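Written out below as structure tokens is the structure these notes cover.
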2 protein chains.
Amino acid sequence: MEQLQHWIEILEENGCRITSPRRVIIEILLNSPRALEPTEIYDLGREMNPGIGLVTVYRTLEKLEELGLIQRIHQEDGCHMVMPAVEGHQHYLVCTACGKTTVFRGDDLGALFSRVETNTGYQVNDHWLQLFGTCPDCKNDHKNG
Amino acid sequence: MEQLQHWIEILEENGCRITSPRRVIIEILLNSPRALEPTEIYDLGREMNPGIGLVTVYRTLEKLEELGLIQRIHQEDGCHMVMPAVEGHQHYLVCTACGKTTVFRGDDLGALFSRVETNTGYQVNDHWLQLFGTCPDCKNDHKNG
DNA sequence: CTTCTAAATGAAAATGATTATCATTATCAT
DNA sequence: ATGATAATGATAATCATTTTCATTTAGAAG
Ligand SMILES: [Mn+2]
Ligand SMILES: [Mn+2]
Ligand SMILES: [Zn+2]
Ligand SMILES: [Zn+2]
């Protein structure tokens, strides 16, 4: 749990107090193999600390995102999930069967952006790329069944 | 307005009735230079036909999406916008200043997908790419002021 | 042109996610 | 140990979207 200590230090460095709900929420985020929705974090959190409130989950996630410790993952319908952030530029690869989420890097979209800028006259400032697929475990599950 | 006729034909071919609200909503979609949120379509629709309801906007959009005539554009916060769909595989380029949205094609992400599949063991089935930038008009506005 | 029926509509309420309020609690610097 | 105030949690508010249901209407049939 050094990762947990690291997050706590960053919170302290930023003038935040270390509270029981925050510990619980951070632990949940760090131990989850997949991205979670706020209500999922809430449900898991209540198992550890029944007094915890959904509003505190939202507020803690807001703070953690502000500090760059977590990132949002977008879904078709609109509800967001969150997961620990990874340093630097990267994108998500989400398993559509079980939700397990992985990051990848090394996308080189520079050539595409240049082409698009030339063709459209727009200046491209940002991009948003997310991949969907089947993780190794779910591929096997499907084979066996 | 041949585009409008085309959409109406497709609705008819699929057993849908052609109603006044539907005409209004389709006209708004086809005449907008940018993607619209459901409430924006609702407000514009009321100017033409004050009796129209927001629920009908949602239902009509659902139907149009089902028929592949419109597509959703995702936003950071979660609320969706819609705009007429373009044939074939393409992605959106959204102006962050005025909202004007354009499509582009010719992304060749095959090499990236292969690399990701090798590195992660996932099978990549789908992808989601959206670019953000500044449109030509807004670039000029910024220069002048 | 009427008649008929299922599709479509709109008002109102329900739902689900997120945010705001505010009195109470608890962290942590002193 | 004490106090200032950050954080919490119960509650209510807000916002987008969906459901319900009684009423209207498009368009097929006669
Ligand atoms: Mn990238
Ligand atoms: Mn593509
Ligand atoms: Zn999986
Ligand atoms: Zn613009």
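The values are calculated or read from the model by the stated rules, or taken from the named source; none is laboratory data. Note that this is a predicted model, so its numbers are computed, not measured. Please note: Cβ atoms are built from the backbone with ideal geometry, for glycine as well, and neighbour counts cover all protein chains shown.
Against the test of being farther than 30 Å from A:A111 by Cβ, exposed (fewer than 14 other Cβ atoms within 10 Å of the Cβ), among the β-branched types (V, I, T) and within 15 Å of the chain's Cα centre (by Cα), the options B:T60, B:T39 yield a single qualifying residue, B:T39.
Assigned by TED's automatic domain parsing to the domain that holds B:T39 and at pLDDT 85 or above: is that true of B:E66 in this structure? So B:E66 fits the description; yes. So which residues in segment B:44-57 are part of a helix (DSSP H, G or I) and surrounded by 14 or more Cβ atoms within 10 Å (Cβ to Cβ)? Scanning segment B:44-57 gives B:L44, B:G45, B:R46, B:M48, B:L54, B:T56, B:V57.
Consider segment B:65-113 and keep the residues that are facing chain A (nearest Cβ under 8 Å) and farther than 26 Å from A:D107 by Cα. The one that is nearest to DNA strand C (Cβ to nearest atom) is B:C79.
Yes/no matrix, rows are residues, columns are (1) in a strand (DSSP E or B); (2) free of Cβ contacts under 8 Å to residues at least 40 places away in the same chain; (3) away from ligand 2 (no atom under 12 Å from the Cβ); (4) touching a Lys or Arg at 6+ places or on another chain (Cβ under 9 Å):
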residue: B:M83; (1), (2), (3), (4): yes, no, yes, yes
residue: B:S114; (1), (2), (3), (4): no, yes, yes, no
residue: B:T118; (1), (2), (3), (4): no, yes, yes, no
residue: B:D126; (1), (2), (3), (4): yes, yes, no, no
residue: B:D141; (1), (2), (3), (4): no, no, yes, no
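Number of residues in segment A:92-116 that are farther than 18 Å from B:L112 by Cβ and within 16 Å of ligand 1 (Cβ to nearest atom): the value is 0.
Within segment B:4-21, being free of Cβ contacts under 8 Å to residues at least 40 places away in the same chain and surrounded by 11 or more Cβ atoms within 10 Å (Cβ to Cβ) holds for B:L4, B:H6, B:I8, B:E9, B:E12, B:I18, B:T19, B:S20, B:P21.
All told, A:T120 falls short of being among the polar types (S, T, N, Q), within 15 Å of ligand 3 (Cβ to nearest atom) and under 26 Å from B:M81 (Cβ atoms). For segment A:96-114, the condition holds for at least one residue, the condition being that it is surrounded by 13 or more Cβ atoms within 10 Å (Cβ to Cβ) and acidic (D, E). Looking only at residues of segment A:84-104 that are in contact with a Phe, Trp or Tyr (Cβ under 8 Å, 6 or more places away or on another chain) and aliphatic (A, V, I, L, M), we find that the one that is farthest from ligand 3 (Cβ to nearest atom) is A:V103. Exactly one residue among A:N144, A:N140, A:N119 is surrounded by fewer than 18 Cβ atoms within 10 Å (Cβ to Cβ), facing chain B (nearest Cβ under 9 Å) and polar (S, T, N, Q), and that residue is A:N119.
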